[in-house]
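Heads up: the structure comes next, in structure tokens.
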Amino acid sequence: MGKPTGFLEFTRELPAKRPVQDRKNDYREFLSLYSSEQLNHQAARCMNCGIPFCHHGCPLGNVIPEFNDAVYRKDWKEAYDVLSSTNNFPEFTGRICPAPCESSCVLGIKEYH
């Protein structure tokens, strides 16, 4: 699974937001995309728990560790296949999801509470 020590090496990073003054002038994306390296680091943070509580935190039942592993390996087809196996619309549900999986994650016990 990805990088076994990733959760020790990398901290949680949120995408940067465009300044409000810039966002007020258009309807373009307001969140910046992660760089390839940042994306890889965030996917590497998955702990590969014995019991992945994130599955229970996801109302769609997404298999998050398997998705993170595919993203870590940059296997985008597999990542999409994993998401679409439990979610018919990953393109937009990922945009509006409040991420309850993160707070149910074992890593989240320390970081998010």
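The values are calculated or read from the model by the stated rules, or taken from the named source; none is laboratory data. Note that the structure is predicted; figures quoted are calculated from it, not measured. Cβ coordinates were reconstructed from backbone atoms using ideal geometry, including for glycine residues, and neighbour counts include every protein chain displayed. When the accessible area is computed, the model is the full protein with side chains, heavy atoms only, and any ligands, DNA or RNA have been set aside. Shrake-Rupley method; radii C 1.70, N 1.55, O 1.52, S 1.80 Å.
Largest first, how would Ile51, Ile64 line up by accessible area (1.4 Å probe)?
Order by accessible area, largest first: Ile51, Ile64.
Could you look at the chain and say what percent of its accessible area is carbon and sulfur, using a 1.4 Å probe and all protein chains?
Here carbon and sulfur together make up 59 percent of the probe-accessible area.
Out of Ser32, Phe53, Gln42, whose Cα points farthest toward the positive end of the dipole of the stretch 22-61 (charges: +1 Lys, Arg; -1 Asp, Glu; placed on Cβ)?
Of Ser32, Phe53, Gln42, it is Phe53.
Can you give the helix-only mean residue ellipticity at 222 nm for the chain, where every DSSP H stretch with n ≥ 4 adds -39500 (n - 2.57) and the sum goes over all residues, rounded to the nearest 500 deg cm²/dmol?
Result for the chain: -12000 deg cm²/dmol, rounded to the nearest 500.
Hey, rough spin-label estimate for Leu39 and Ser84, points 7 angstrom out along Cα→Cβ, what's it come to in nanometres?
1.7 nm
Give me the base-10 log of I(q)/I(0) for the stretch 64-113 at each q in 0.15, 0.23 Å⁻¹, Debye formula, one uniform scatterer per Cα, rounded to two decimals.
Cα-only, vacuum Debye calculation for the stretch 64-113: -0.47, -0.94.
Counting only GluC sites (Glu not before Pro) that are in a DSSP loop and have at most 13 other C-beta atoms within 10 Å, tell me the longest site-free stretch of the chain.
So the longest stretch without any such site is 30-113.
Choose one answer from Ala79, Ala16, Ala70: the residue with the largest mean-square fluctuation in a GNM of the chain with alpha-carbon springs under 10 Å.
Ala16
Based on the alpha-carbon set only, what is the convex hull volume of the chain divided per residue, in Å³?
121 Å³
Can you give the longest stretch of the chain with no exposed loop site, where a site means chymotrypsin sites (Phe, Trp or Tyr not before Pro) in a DSSP loop (not H, G, I, E or B) with at most 15 other C-beta atoms within 10 Å?
Longest gap between qualifying sites, sites excluded: 31-111.
Once you keep just the Cα pairs under 8 angstrom separated by 6 or more residues, what percentage relative contact order results for the chain?
About 28 percent, as a whole number.
Between the stretch 44-74 and the stretch 3-17, what is the separation of their alpha carbon centroids in Å?
14 Å
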